[in-house]
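Asks: Starting off with a structure, shown below.
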Protein chains: 2
Amino acid sequence: MALRHAVLAALLDGEYSGYQLAKIFDVSVSNYWHAVPQQLYTELSKLESEGLIKGRQVIQHDRPNKRVYTVTPAGMDELERFATVPTKPGIIREDLLVLVQAVDHISVKPIIEQLEERALAAEAKVELFTRVLEGLRGDLDEETYLRKGEPIGPYLTCLRGLAHEQSTHQWVTNTARLLRERIAEPAEESES
Amino acid sequence: MALRHAVLAALLDGEYSGYQLAKIFDVSVSNYWHAVPQQLYTELSKLESEGLIKGRQVIQHDRPNKRVYTVTPAGMDELERFATVPTKPGIIREDLLVLVQAVDHISVKPIIEQLEERALAAEAKVELFTRVLEGLRGDLDEETYLRKGEPIGPYLTCLRGLAHEQSTHQWVTNTARLLRERIAEPAEESES
DNA sequence: GCCACCATGTAAGGGGTTACATGATTTT
DNA sequence: AAAATCATGTAACCCCTTACATGGTGGC
């Protein structure tokens with residue numbers, strides 16, 4: 001039950017509505033916490049009813065009204081408490097890797113194609129995160145920002161996302177190439 | 001609903017019981033698919049009742065009897081079908097990263113400590129995977145095994161796990177060091 | 001006019017997590 | 001004698017996913 005903490009952590013950055021949070025989760029938070037929009041609406045309601053966040057109606061004339069939330073002192077306490085209990089090891093679920101695990105026993109072609117698609121997606125994410133990081137640190141160079149810039153939390157998690165996507169990109173690229181080579185020059189048996 | 005495919009993929013490697021699968025999931029499959037033992041027992045029952053795997057009782061005298069499973073032709077068809085539908089993007093959930101995201105607003109010390117613990121865990125995993133890979137390729141050097149060795153699926157997913165742990169190790173190490181430096185030499189304001 | 005975007009909600013059903021239960025054998 | 005390993009199961013509860021519903025505004 002730690003979606004709540006991911007939401008609280010995201011709201012430390014400023015006031016956001018469920019819809020805005022959904023986009024934030026989609027582009028950056030998804031590096032370390034996956035959640036679909038519907039979960040956020042549900043969780044925001046629960047968090048407010050428990051007093052960990054406080055909602056505020058914002059009337060808009062050019063578009064639908066929205067409700068934006070901020071973390072309450074009780075919410076801060078909850079985060080503080082959460083930081084002291086040992087975190088569980090992270091969980092990963094990757095369909096694509098399941099396919100690769102089975103690659104000796106099923107058709108290789110579709111797997112290679114999916115790997116190559118994923119390579120493109122990873123590349124796009126690398127570029128995106130690179131730009132997000134540039135935006136976060138503004139005029140400062142990276143070394144300076146890491147030493148003194150603020151906020152540092154979002155910067156660090158984004159760096160993690162970048163490293164992860166780079167690592168993913170390398171692996172999917174190598175794996176796709178390797179599997180292609182293996183179907184081009186198979187098993188090497190009985191060169192009779 | 002893709003735990004089933006992770007189980008099927010794992011069973012391609014040989015006959016395993018629920019208990020054995022649990023250990024395999026714990027050490028290697030967890031690189032790309034997290035599941036607790038209880039899920040496996042449940043899923044194995046479902047898969048067998050659907051005819052995708054076939055169980056076989058193994059009588060043991062030195063320890064409790066067990067039931068080992070193999071993938072049926074129907075199970076192979078299901079895997080084959082699964083390989084052709086586009087995979088969903090993977091999901092990640094990391095409590096530790098949630099803490100780092102919030103690091104500007106909560107106590108830093110406990111977070112640093114957890115990062116350092118995680119660094120040790122990552123190091124241990126790197127060593128483990130390195131040895132697993134050695135075991136898988138036997139006498140062959142890596143380049144040769146990648147070109148011709150079999151099975152290649154488990155080798156590739158293990159390589160991914162290794163890369164992931166290395167990347168994690170680097171990030172947690174750097175992040176812990178950086179946060180330590182920042183609390184040693186804070187904000188740098190008003191050097192009056 | 002139609003599609004995309006903004007903005008939120010209810011509800012059903014499936015999947016995942018945790019607690020608890022059982023019991024034999026081997027190791028410390 | 002206690003703890004760890006082997007081995008599997010039932011049940012409750014919570015979380016997550018998906019489908020569906022609603023409705024206003026802005027751009028093509």
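The values are calculated or read from the model by the stated rules, or taken from the named source; none is laboratory data. Computed from a predicted structure; not experimentally measured. Every residue, glycine among them, receives a Cβ derived from its backbone with ideal geometry; neighbour counts consider all protein chains shown. When the accessible area is computed, the model is the full protein with side chains, heavy atoms only, and any ligands, DNA or RNA have been set aside. Shrake-Rupley method; radii C 1.70, N 1.55, O 1.52, S 1.80 Å.
Asks: Within segment A:153-181, count every residue that is closer than 13 Å to A:V132 by Cα and more than 8 Å from chain B (Cβ to nearest Cβ).
Replies: Qualifying residue count for the region: 4.
Asks: So, of the residues in segment B:4-41 that are within 12 Å of chain A (Cβ to nearest Cβ) and of a type in the set (F, W, Y), which turns out to be farthest from B:R160 (Cα to Cα)?
Replies: Ranking the qualifying residues of segment B:4-41, first place goes to B:F25.
Asks: Let me ask something additional. Identify, from the list A:S30, A:S107, the residue that is surrounded by fewer than 21 Cβ atoms within 10 Å (Cβ to Cβ) and either not hydroxyl-bearing (S, T, Y) or not assigned by TED's automatic domain parsing to the domain that holds A:W171 (or both).
Replies: One residue alone meets the criteria, A:S30.
Asks: If the requirement is being more than 14 Å from chain A (Cβ to nearest Cβ) and within 13 Å of DNA strand C (Cβ to nearest atom), which of these qualifies: B:I59, B:I91?
Replies: Exactly one residue qualifies, and that residue is B:I59.
Asks: Looking at (1) open to solvent by 20 Å² or more (accessible area, probe 1.4 Å); (2) in contact (Cβ under 8 Å) with a residue 60 or more places away in the chain, find the lone condition where A:E50 falls short.
Replies: Tallying (1) open to solvent by 20 Å² or more (accessible area, probe 1.4 Å); (2) in contact (Cβ under 8 Å) with a residue 60 or more places away in the chain, A:E50 fails exactly one: (2).
Asks: Sort out which residues of segment B:12-21 are more than 11 Å from DNA strand C (Cβ to nearest atom) and either surrounded by 13 or more Cβ atoms within 10 Å (Cβ to Cβ) or polar (S, T, N, Q) (or both), and write them in order of number.
Replies: B:L12, B:D13, B:E15, B:Y16, B:S17, B:G18, B:Q20, B:L21
Asks: Right, another one. Between residues in segment B:126-152 that are away from every other protein chain (no Cβ under 12 Å) and surrounded by 13 or more Cβ atoms within 10 Å (Cβ to Cβ) and residues that are among the acidic types (D, E) and part of a helix (DSSP H, G or I), which pairs lie under 8 Å by C-beta distance while being six or more apart or on different chains?
Replies: B:V126/B:E165; B:F129/B:E165; B:L133/B:E142
Asks: If you scan segment A:53-95, which residues turn out to be out of contact with any His (no Cβ under 7 Å at 6 or more places or on another chain) and of a type in the set (K, R)?
Replies: A:K54, A:R56, A:R63, A:K66, A:R67, A:R81, A:K88, listed by residue number.
Asks: If you check B:A163, B:A176, which single one turns out to be open to solvent by less than 20 Å² (accessible area, probe 1.4 Å) and part of a helix (DSSP H, G or I)?
Replies: The match here is B:A176.
Asks: Could you check, for segment A:63-72, whether at least one of its residues is surrounded by fewer than 16 Cβ atoms within 10 Å (Cβ to Cβ) and touching a Leu at 6+ places or on another chain (Cβ under 7 Å)?
Replies: Scanning segment A:63-72 turns up at least one residue that is surrounded by fewer than 16 Cβ atoms within 10 Å (Cβ to Cβ) and touching a Leu at 6+ places or on another chain (Cβ under 7 Å).
Asks: Still on this structure, please answer the following. Right, A:E43: under 30 Å from B:L178 (Cα atoms), within 16 Å of DNA strand D (Cβ to nearest atom), open to solvent by less than 50 Å² (accessible area, probe 1.4 Å) and in a helix (DSSP H, G or I) or not?
Replies: In short, no.
Asks: Would you pick out the residues in segment B:121-149 that are farther than 25 Å from A:R177 by Cβ and either in contact with a Ser or Thr (Cβ under 6 Å, 6 or more places away or on another chain) or not in a helix (DSSP H, G or I) (or both)?
Replies: Selection gives B:A122 alone.
Asks: Which of the residues spanning segment A:93-120 are assigned to a helix (DSSP H, G or I), under 11 Å from A:V172 (Cβ atoms) and without any contact (Cβ under 8 Å) to a residue 12 or more places away in the chain?
Replies: Of everything in segment A:93-120, those that are assigned to a helix (DSSP H, G or I), under 11 Å from A:V172 (Cβ atoms) and without any contact (Cβ under 8 Å) to a residue 12 or more places away in the chain turn out to be A:L97, A:E117, A:L120.
Asks: Residues in segment A:171-191: is at least one under 21 Å from the mean Cα position of the chain (by Cα), more than 30 Å from B:E185 (Cβ to Cβ) and of a type in the set (S, T, Y)?
Replies: yes
Asks: Being away from DNA strand C (no atom under 12 Å from the Cβ), more than 7 Å from every other protein chain (Cβ to nearest Cβ) and touching a strand residue (DSSP E or B) at 6+ places or on another chain (Cβ under 8 Å) is the filter here, so list the residues in segment A:63-88 that pass it.
Replies: Residues satisfying the conditions are A:T70, A:V71, A:T72, A:G75.
Asks: Further question: Got a sec? Which of A:A22, A:A74, A:A10 is part of a helix (DSSP H, G or I), more than 12 Å from DNA strand D (Cβ to nearest atom) and closer than 30 Å to A:L133 by Cβ?
Replies: That would be A:A10, the only listed residue that is part of a helix (DSSP H, G or I), more than 12 Å from DNA strand D (Cβ to nearest atom) and closer than 30 Å to A:L133 by Cβ.
Okay, residues lined up against (1) more than 30 Å from B:K148 (Cβ to Cβ); (2) in contact (Cβ under 8 Å) with a residue 40 or more places away in the chain:
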| position | (1), (2) |
| --- | --- |
| A:T87 | yes, no |
| A:A124 | yes, no |
| A:P154 | yes, yes |
| A:S167 | no, no |
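Asks: So B:V98 fits all but one of (1) closer than 30 Å to A:R147 by Cα; (2) over 21 Å from the mean Cα position of the chain (by Cα); (3) within 16 Å of DNA strand C (Cβ to nearest atom); what number is the exception?
Replies: Result: B:V98 passes all but (2).
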